[in-house]
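The values are calculated or read from the model by the stated rules, or taken from the named source; none is laboratory data. Bear in mind the structure is a predicted one, so any value in this text is a computation, not a measurement. We place every Cβ from the backbone using ideal geometry, glycine too, and count neighbours over all the protein chains shown.
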């Protein structure tokens, strides 16, 4: 409970710092900024009141950031031991076995080529995810590393499902997910109506759909981890604002 209280307080301090200086680090020698005039107090406490419900709603996302950071750290430890070449080789072996399975299942020539190409793209994406997480800072990890990792994870199974009745449940689930997204998320400005009129969810459209999910999902997970690093730094000490990735792979 003490940890939750501290996390919520820091999350609210992060919200306050969006408009008011020196709110996040109360131990700073300069101390917290305090409003003085009536207008400043109105803006300060009004902003604080507006942030309170947002912080309570956002706390589960912070917990997701903590969990993602934990597993990203475990994965980072594993990839450090095997190195970039090992990561690429492991991804190539994993998705290469999927291609072999497609050959054993007697996929059509086009299907076999599609699965092999998806495995190649996923292997490259896995290598890029490691490179971006190692060489870049927080922004590079959020914008590039996490989406690359999600692409490496999602792309080959979806492509294989296009040509395999045994994996058809992936496409059925994709259809249901697409309907939910159109009916509940993409309703602004009639975007869902436009997409239904212009596109049919079949064939390559499934791949484009999952790419469209994987990249924003990577951005969201990276952003949640960045928020977790800001609210509760892993070293328990300084805030490490200037550098450091949002969570390495």
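The table that follows gives values for the structure above.
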read-out: Residue match in region 141-163 (condition: part of a helix (DSSP H, G or I), modelled with pLDDT under 75, within 30 Å of residue 227 (Cα to Cα) and touching a helix residue (DSSP H, G or I) at 6+ places or on another chain (Cβ under 9 Å)); value: no
read-out: Residue among 3, 31, 83, 46 that alone is out of contact with any helix residue (DSSP H, G or I) (no Cβ under 8 Å at 6 or more places or on another chain), at pLDDT below 80 and in a helix (DSSP H, G or I); value: 3
read-out: Residue within region 189-199 that is modelled with pLDDT of 65 or more and surrounded by 21 or more Cβ atoms within 10 Å (Cβ to Cβ) present; value: no
read-out: Qualifying residue in region 52-71 (condition: surrounded by 10 or more Cβ atoms within 10 Å (Cβ to Cβ), over 21 Å from residue 221 (Cα atoms) and at pLDDT 85 or above); value: yes
read-out: Filtered residue count, region 72-81, keeping only those that are surrounded by 14 or more Cβ atoms within 10 Å (Cβ to Cβ) and without any contact (Cβ under 8 Å) to a residue 40 or more places away in the chain; value: 1
read-out: From the options 92, 102, residue that is surrounded by 16 or more Cβ atoms within 10 Å (Cβ to Cβ), touching a residue at least 40 places away in the same chain (Cβ under 8 Å) and assigned to a helix (DSSP H, G or I); value: 102
